[in-house]
Amino acid sequence: TVNNKSDFDTAIMEAKMYGDMVLIIDEIHRMNKDKQDLLLPYIENGTIKNIEILDLTEANITITNLSLQDVIDMTENNSNTHMLTIEGGSTDTMNIPTAPAGYSVVHTHSNSQDLDTYTYTSNSGDPTVVIKVDDTIHQS
């Protein structure tokens, strides 16, 4: 359990020492801004990476500017594919990234998994990006 900056810095230092760490952050929306700001530099410099799931459930969150590069930067490259699952509910909203130049996007829906899947493929060998979104999240 991390309750302050010193505890968090120690956890990051130990992760660097041992080479790996699983970080589970629950209820991040309930953390104060100072604690949330502790995470940002570590995400930006790549210390915290390989994020697989963003859970917006019960947070009333709006994601407006997620880009394919954001997904590539925060997820693990698995056979030149980066995958992110976004869970949430009907009070959450997400703007689906548009396909940048050189990419095409295919949207599919799975009733059995209640997911909308957006698969972005490159025409030039850049990584494939897959974003799976809980279909109860308002998408635009």
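Residues that are of a type in the set (A, V, I, L, M, F, W, C), more than 15 Å from the chain's Cα centre (by Cα), more than 30 Å from residue 5 (Cβ to Cβ) and not in a loop (DSSP other than H, G, I, E, B): does region 30-45 have at least one? Quick ask: steps written out before the conclusion?
Within region 30-45, the first condition is being of a type in the set (A, V, I, L, M, F, W, C), and the residues that meet it are 31, 38-40, 43.
With the extra rule that they be more than 15 Å from the chain's Cα centre (by Cα), the set shrinks to 31, 38.
Next, from what is left, pick out any that are more than 30 Å from residue 5 (Cβ to Cβ): none.
No, region 30-45 has no match at all.
Table: residues versus (1) of a type in the set (Lys, Arg); (2) touching a strand residue (DSSP E or B) at 6+ places or on another chain (Cβ under 6 Å); (3) assigned to a loop (DSSP other than H, G, I, E, B).
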residue: 49; (1), (2), (3): yes, no, yes
residue: 60; (1), (2), (3): no, no, yes
residue: 69; (1), (2), (3): no, no, no
residue: 78; (1), (2), (3): no, no, yes
residue: 85; (1), (2), (3): no, yes, no
residue: 91; (1), (2), (3): no, no, yes
residue: 97; (1), (2), (3): no, no, yes
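Conditions (1) surrounded by fewer than 16 Cβ atoms within 10 Å (Cβ to Cβ); (2) within 12 Å of residue 139 (Cα to Cα), marked per residue:
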residue: 52; (1), (2): yes, no
residue: 62; (1), (2): yes, yes
residue: 75; (1), (2): no, no
residue: 102; (1), (2): yes, no
residue: 105; (1), (2): no, no
residue: 112; (1), (2): yes, no
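Determine which member of the set 38, 68 is surrounded by 13 or more Cβ atoms within 10 Å (Cβ to Cβ) and at pLDDT 85 or above. First the steps, then the outcome.
Working: 38 fails: at pLDDT 85 or above.
None of the others qualify; the one that does is 68.
Which condition breaks for residue 13 when tested against (1) touching a strand residue (DSSP E or B) at 6+ places or on another chain (Cβ under 6 Å); (2) open to solvent by 70 Å² or more (accessible area, probe 1.4 Å); (3) of a type outside the set (Val, Ile, Thr)?
For residue 13, the failing item is (1).
State the number of residues belonging to region 81-94 that are open to solvent by 50 Å² or more (accessible area, probe 1.4 Å) and either closer than 14 Å to residue 131 by Cβ or in contact with a Ser or Thr (Cβ under 6 Å, 6 or more places away or on another chain) (or both).
Step one: of region 81-94, the residues open to solvent by 50 Å² or more (accessible area, probe 1.4 Å) are 83, 87, 90-91.
Pick out the ones that are also either closer than 14 Å to residue 131 by Cβ or in contact with a Ser or Thr (Cβ under 6 Å, 6 or more places away or on another chain) (or both) and you get 83, 87, 90.
The total comes to 3.
Being more than 18 Å from the chain's Cα centre (by Cα), at pLDDT 90 or above, hydrophobic (A, V, I, L, M, F, W, C) and not in a strand (DSSP E or B) is true for just one of 11, 15, 101. Which residue is that?
Numbers: 11 fails: at pLDDT 90 or above; 15 fails: at pLDDT 90 or above.
On inspection, the qualifying residue turns out to be 101.
Residues in region 99-106: is at least one of a type in the set (A, V, I, L, M, F, W, C) and in contact with a Lys or Arg (Cβ under 7 Å, 6 or more places away or on another chain)? Even if it seems obvious, please write down each step before you answer.
From region 99-106, those of a type in the set (A, V, I, L, M, F, W, C) are 99, 101, 105-106; that's our starting set.
Filter again for in contact with a Lys or Arg (Cβ under 7 Å, 6 or more places away or on another chain), leaving none.
Looking for residues that are of a type in the set (A, V, I, L, M, F, W, C) and in contact with a Lys or Arg (Cβ under 7 Å, 6 or more places away or on another chain), one finds none in region 99-106, hence no.
Do you know which residues across region 113-139 are free of Cβ contacts under 8 Å to residues at least 24 places away in the same chain, in a loop (DSSP other than H, G, I, E, B) and within 19 Å of residue 55 (Cα to Cα)?
Listed by number, the residues that qualify are 113, 114.
The values are calculated or read from the model by the stated rules, or taken from the named source; none is laboratory data. Owing to the predicted nature of the structure, the values given are computational and were not obtained by experimental measurement. Don't worry about glycine lacking a Cβ; one is built from the backbone with ideal geometry, like all the others, and counts go over all protein chains shown. Just the protein is used for accessible areas: all its heavy atoms, side chains included, with ligands, DNA and RNA removed. Shrake-Rupley method; radii C 1.70, N 1.55, O 1.52, S 1.80 Å.
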